[in-house]
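Student: Below you will find the structure I want to go over with you.
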Amino acid sequence: MDGDTVTYEALQARLRQSQLDIFGAFHPRLEDAAPKGTKTLLLIGPHEPGFWAHVTAAPEFNDGNPDPLDRWSRRVIGRIACDLGGKALFPFSGPPWHPFIAWAKRSGRAWASPVNILVHDRAGLMVSYRGALALKTALDLPDPPPAPPCATCDDQPCLSACPVSALVPAGYDVPACHAFLETAPGQDCLKTGCAVRRACPVSQSYGRLPEQSAYHMGRFHT
């Protein structure tokens, strides 16, 4: 597989061998701030179920060095980018920081949710991006979904799920969230993931394990 002959479907199959998936893709315009010469930009996220078992068995999670998930992402996504003659981009490498949130919205598969954080058509509020691939080939891309999942979510449980109302349409009260995680009731969010993200019906169908959410919550609450 090389950058001149690859298809969207072939690249998706290659990514899924590493429990990754395409979480959105688009043909960049100048204002998208993609690397020069990029004809297709693809956002890469965890393919569930099975991502956490796969990645925690990798060498990066067993060598005792810091940032195992980021190092795994660099190795795996970087290898694919190299094979395709493209460039791997990461949300954790900066400054300068790549505009992953803007790219996610541009892809047509992620939107601002009622609580303002991103919601994805497949991952819901559990959406995360391990990296992006900037390719010099213009791939044929599937059409994005016509509307966000929130458009047909009548109950919108995300709005009332936070025990301390840290995530609301007006903004995110980070100090209130951290303070709650220090309490006994807050251990549920700390060990199984943010209650707001878990409340999303799409999140519940995505298959992300509580252990993965606990890892990210632990990184957040340090």
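Student: Place the peptides 91-100, 35-44 in order of packing, highest mean first, counting for every residue the other Cβ atoms within 10 Å and averaging per peptide.
Tutor: Numbers: 91-100: 13.3, 35-44: 19.3.
So the order, starting with the most tightly packed, is 35-44, 91-100.
Student: Could you give the length gained by full extension between Glu211 and Ala112, i.e. 0.36 nm per residue of separation minus their alpha carbon distance, to one decimal place?
Tutor: Working: separation 99, 0.36 × 99 = 35.64 nm, distance 2.56 nm.
Extending this stretch completely gives an extra 33.1 nm.
Student: Match the structure shown to one of the listed values (i) 18.3; (ii) 19.5; (iii) 18.8 of Kirkwood radius over Cα pairs in Å, computed from it, and give that label.
Tutor: (i)
Student: Could you list the residues of region 125-144 with an amide nitrogen less than 19 Å from a label point located 7 Å from the Cα of Ala13 in the Cα-to-C-beta direction?
Tutor: Counting backbone N atoms under 19 Å from the label point, the list is 139-142.
Student: Now a separate question. Sum up the charges of everything whose Cβ sits under 12 Å from the Cβ of His221, counting Lys and Arg as +1 and Asp and Glu as -1, but leave His221 out.
Tutor: Values: positive: Lys191, Arg219; negative: Glu182.
After counting each charged neighbour, the total is +1.
Student: Right, next: In the Gaussian network model of the chain, springs joining C-alpha atoms below 10 Å, which of Pro59, Pro46, Pro28 carries the largest mean-square fluctuation?
Tutor: Of Pro59, Pro46, Pro28, the most mobile in the Gaussian network model is Pro59.
Student: Express the Stokes-Einstein translational diffusion coefficient of region 124-222 in µm² s⁻¹, to the nearest whole number, given a Kirkwood radius over alpha-carbon pairs, 20 °C and a viscosity of 1.002 mPa s.
Tutor: Working: Rh = 15.5 Å.
So the translational diffusion coefficient is about 139 µm²/s.
Student: May I pose another question? Counting only C-alpha contacts under 8 Å and six or more residues apart, can you give the relative contact order of region 93-222 as a whole percent? Write down the numbers at each step before the final one.
Tutor: On the way: 139 pairs, mean separation 34.1, N = 130.
Here the relative contact order equals 26 percent.
Student: Using a probe of 1.4 angstrom, how much of the accessible area of region 1-143 is carbon and sulfur, in percent? Working shown, then result.
Tutor: Values: 3400 of 6510 Å².
In region 1-143, the share of accessible area belonging to carbon and sulfur is 52 percent.
Student: May I ask for the distance between the Cα centers of region 165-181 and region 56-121, given as a whole number of Å?
Tutor: Centre-to-centre (Cα) distance: 25 Å.
Student: Over the chain, with a Gaussian network built from C-alpha contacts below 10 Å, which listed residue (Ala123, Ala25, Ala195) shows the highest mean-square fluctuation?
Tutor: Maximum among the listed residues: Ala195.
Student: Amide H of Phe23 versus every other amide H placed in the peptide plane: which residues, excluding those fewer than 5 positions away on the same chain, fall under 5 Å?
Tutor: Leu43, Ile44, Gly45
Student: Also, I was wondering about something else. Could you work out [θ]222 nm for the chain from helices alone, using -39500 (n - 2.57) per DSSP H run of at least four and dividing by all its residues? Round to the nearest 500 deg cm²/dmol. Display every interim value, and only then the final one.
Tutor: Working: 9 runs with 72 residues, N = 222.
Using -39500 (n - 2.57) per qualifying helix, the result is -8500 deg cm²/dmol.
Student: Compute the distance in nm between two label points, each set 7 Å from the Cα along the Cα-to-Cβ direction, one at Phe92 and one at Lys136.
Tutor: Going from the Phe92 label point to the Lys136 one covers 2.9 nm.
The values are calculated or read from the model by the stated rules, or taken from the named source; none is laboratory data. Because the structure is predicted, anything quoted here is derived from the model rather than measured. Neighbour counts are summed over all protein chains in view; Cβ atoms, including those assigned to glycine, are modelled from backbone coordinates with ideal geometry. When the accessible area is computed, the model is the full protein with side chains, heavy atoms only, and any ligands, DNA or RNA have been set aside. Shrake-Rupley method; radii C 1.70, N 1.55, O 1.52, S 1.80 Å.
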